[in-house]
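A.B. asks: Here you go, one structure.
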Amino acid sequence: MSSSPHLILIGLMGSGKSSVGALCARQLKRVFIDTDETIVTNTKTSISELFDSGEESFRELERDAVAQACATITPAVIACGGGAVVDPMSRDLIQSSGTVAWLQADPEELERRIGDTTARPLLAGADPKQVLAKLALERDGLYEKAANFRVDTHGLTVTEVADAVIQEYTQCRA
Ligand code: S3P
């Protein structure tokens, strides 16, 4: 495990990284960084519009956002976009910059939590459950490899997931 104390959340869209991350940050009295928000702030462009220029260029912007977040001097809680692990450089940075929590849920629950898919270009115009199932097949191995621990979020509230994450994180750092 990395000696850097960031708590980094990974997992598919809808797994709760942003809401759980914000709550963990509040409980740990840390800064919360959401890499999607960093990308939007850096580019002054929405994620959907950025995807119009192709996924590859989005992953490059995401790599910069992950690097910016991981370079934060004080220990932070960082929520990464669901596809950050697909890029080898982002993945290496994530693994080497902190303790990594993988939030997991099945495609049905992810779809239910996401609701409106308009802000998620990979899901817009498709059957979200099918896309999420395909992404899980492609990415679960990457999430597993990058993570120090996994939290099965099925049926849990945001508060329950945050508590489980903090408990595991504390154990990892003991
Ligand atoms: C993506 C996940 C999104 C966002 C973009 C691509 C993905 O972030 O980065 O739409 O490839 O899974 P969230 O996981 O925060 O929704």
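The values are calculated or read from the model by the stated rules, or taken from the named source; none is laboratory data. Remember, predicted model here, so these are calculated numbers, not experimental data. All Cβ positions, glycine included, derive from the backbone under ideal geometry; neighbour counts span all protein chains shown.
A.B. asks: For the stretch 118-161, enumerate the residues that are among the hydroxyl-bearing types (S, T, Y) and either at pLDDT 95 or above or within 17 Å of the chain's Cα centre (by Cα) (or both).
C.D. replies: Start the filter on the stretch 118-161 by keeping residues that are among the hydroxyl-bearing types (S, T, Y), which leaves 118, 143, 153, 157, 159.
Within the stretch 118-161, Y143, T153, T157, T159 qualify.
A.B. asks: For the stretch 38-70, what are the residues that are of a type in the set (D, E, K, R) and more than 9 Å from the ligand (Cβ to nearest atom)?
C.D. replies: Taking the stretch 38-70 and keeping what is of a type in the set (D, E, K, R), we get 44, 49, 52, 55-56, 59-60, 62-64.
Hits for the stretch 38-70 are K44, E49, D52, E56, E60, R63, D64.
A.B. asks: Separate question: I'm trying to understand the selection: among the residues of the stretch 157-174, which are surrounded by fewer than 18 Cβ atoms within 10 Å (Cβ to Cβ) and not charged (D, E, K, R)?
C.D. replies: Hits for the stretch 157-174 are T157, V158, T159, Q167, T170, Q171, C172, A174.
A.B. asks: Same structure, new question: I need a count of the residues in the stretch 121-155 that are surrounded by 18 or more Cβ atoms within 10 Å (Cβ to Cβ) and free of Cβ contacts under 8 Å to residues at least 40 places away in the same chain.
C.D. replies: 2
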